[in-house]
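Report on one structure; see the data block that follows.
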Amino acid sequence: MSTQELITQELITQVKIQRYLPEQHNEPYWQTFTVPMDESTSILDALNHIKEEQDPSLSYRWSCRMAICGSCGVMVNGIPKLGCKTFLRDYSGPLKIEPLAHFPIEKDLMVDMDTFLQHLTAVQPYLIPDFINEQPASTEPYKQTPAQLAKYRQFANCINCGLCYSACPQFGLNAEFLGPAALTLAHRYNLDSRDTGKDQRMAQLNSHEGVWGCTFVGFCSEVCPKGVDPAAAVNQGKVEAAKSTLIALFKG
Ligand code: SF4
Ligand code: FES
């Protein structure tokens with residue numbers, strides 16, 4: 001083969017995708033595609049190539065292409081990943097792409113995230129002001145010191161991608177379990193100096209579907225694409241829940 005042929009030769013790889021078209025099939029099946037690739041080809045690029053050049057019926061979610069919107073999660077060789085942040089160059093051999101585990105499949109790689117979103121909203125993920133000692137409305141900024149911000153900042157980086165739920169065996173067993181991201185979100189607000197809603201959230205957090213549903217496998221933190229460390233948030237939440245139980249006991 002000449003040097004020119006080597007330079008112009010296109011690298012290709014095989015991508016095996018789990019398909020499911022509920023109006024046509026009773027259950028999912030596998031389909032293999034061949035896609036061109038170079039050093040910069042992401043999983044999302046490969047899916048876009050397949051959709052544009054080979055099969056327009058392929059369905060999947062994406063938006064930002066820069067690990068911000070959280071919509072492109074898929075299983076890559078059995079591990080939850082963001083399609084736009086995962087590159088073909090890092091894999092050898094055929095790739096297997098499936099929808100995120102532990103969620104009902106809607107179509108191809110698209111899953112139903114309703115339960116996940118309900119869990120996020122269930123923990124009251126917003127600042128709850130001090131209604132009892134409420135001061136007259138102020139036009140001043142609600143200031144925080146850098147130290148106050150640092151307490152929860154890491155936990156505020158979540159992009160709601162749901163990868164940690166696909167990594168969580170407890171959520172796989174019991175979809176009522178609030179799960180890593182929702183418990184992290186609750187912890188993020190509980191740590192915020194502007195919030196006084198910890199007691200309101202505690203009934204949910206201090207329960208089997210809350211922090212005590214976690215068996216500390218820790219895979220959630222390994223797969224998080226934003227370095228959030230939900231396992232640490234849940235463990236810190238367990239300490240707070242235990243303290244809350246003790247205080248309630250002493251109060252009788
Ligand atoms: S904690 Fe990480 S993995 Fe879980 S939803 Fe948030 S960003 Fe995604
Ligand atoms: S496309 Fe937005 S996170 Fe991947």
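The values are calculated or read from the model by the stated rules, or taken from the named source; none is laboratory data. Keep in mind that this is a model prediction, so the values were computed, not measured. Cβ: placed from backbone, ideal geometry, glycine included. Neighbour counts: every protein chain shown. Each accessible area value is taken on the protein alone, full model and side chains, heavy atoms only, with ligands, DNA and RNA left out. Shrake-Rupley method; radii C 1.70, N 1.55, O 1.52, S 1.80 Å.
Name the chymotrypsin sites (Phe, Trp or Tyr not before Pro) in the stretch 186-252 that are in a loop by DSSP and that have at most 13 other C-beta atoms within 10 Å, would you? Spell out each step's value before the answer.
Details: sites: TYR189, TRP212, PHE216, PHE219, PHE250; in loops: PHE216.
Listed in order of number, the matching sites are PHE216.
Taking trypsin sites (Lys or Arg not before Pro) as exposed when DSSP calls them loop (any state but H, G, I, E, B) and at most 13 other Cβ atoms lie within 10 Å, what is the longest stretch of the chain free of them, the sites themselves excluded? Walk me through the numbers on the way to the answer.
Details: sites that count: LYS143, ARG194.
Formally, the longest exposed-site-free interval is 1-142.
With the full set of protein chains in place, find how many percent of the accessible area of the chain is carbon and sulfur; take the probe as 1.4 Å. Present the calculation step by step, with values, prior to reporting the outcome.
Working: 7480 of 14050 Å².
Answer for the chain is 53 percent, counting heavy atoms of protein chains only.
Enumerate lysine pairs in the stretch 132-252 that are 8 or more residues apart or on different chains, then count those whose Cα atoms are under 24 Å apart.
Lysine pairs, 8 or more places apart or on different chains, close enough: 12.
I want the local charge near GLN144. Using Cβ-Cβ distances under 14 Å, sum +1 for each Lys or Arg and -1 for each Asp or Glu among the other residues. Please report the intermediate quantities before stating the final value.
On the way: positive: LYS143, LYS151, ARG153, ARG188, ARG194; negative: GLU140, ASP192, ASP195.
Once all neighbours under 14 Å are counted, the net charge is +2.
Averaging over all projection directions, find the projected area of the Cα convex hull of the chain and quote it in nm² with one decimal place. Don't skip to the answer; put the middle values down first.
On the way: hull surface 77.0 nm².
Its Cα hull, projected and averaged over all orientations, spans 19.2 nm².
Just to verify a number: what accessible area does GLU176 come out at with the full protein assembly present, 1.4 Å probe, Å² rounded to tens?
Approximately 120 Å² of GLU176 is accessible to the 1.4 Å probe.
Given the stretch 1-110 reduced to its alpha-carbon atoms as identical point scatterers, what log10 I(q)/I(0) does the Debye formula return at q = 0.13 Å⁻¹?
Once normalised to I(0) and log-transformed, intensities are -0.49.
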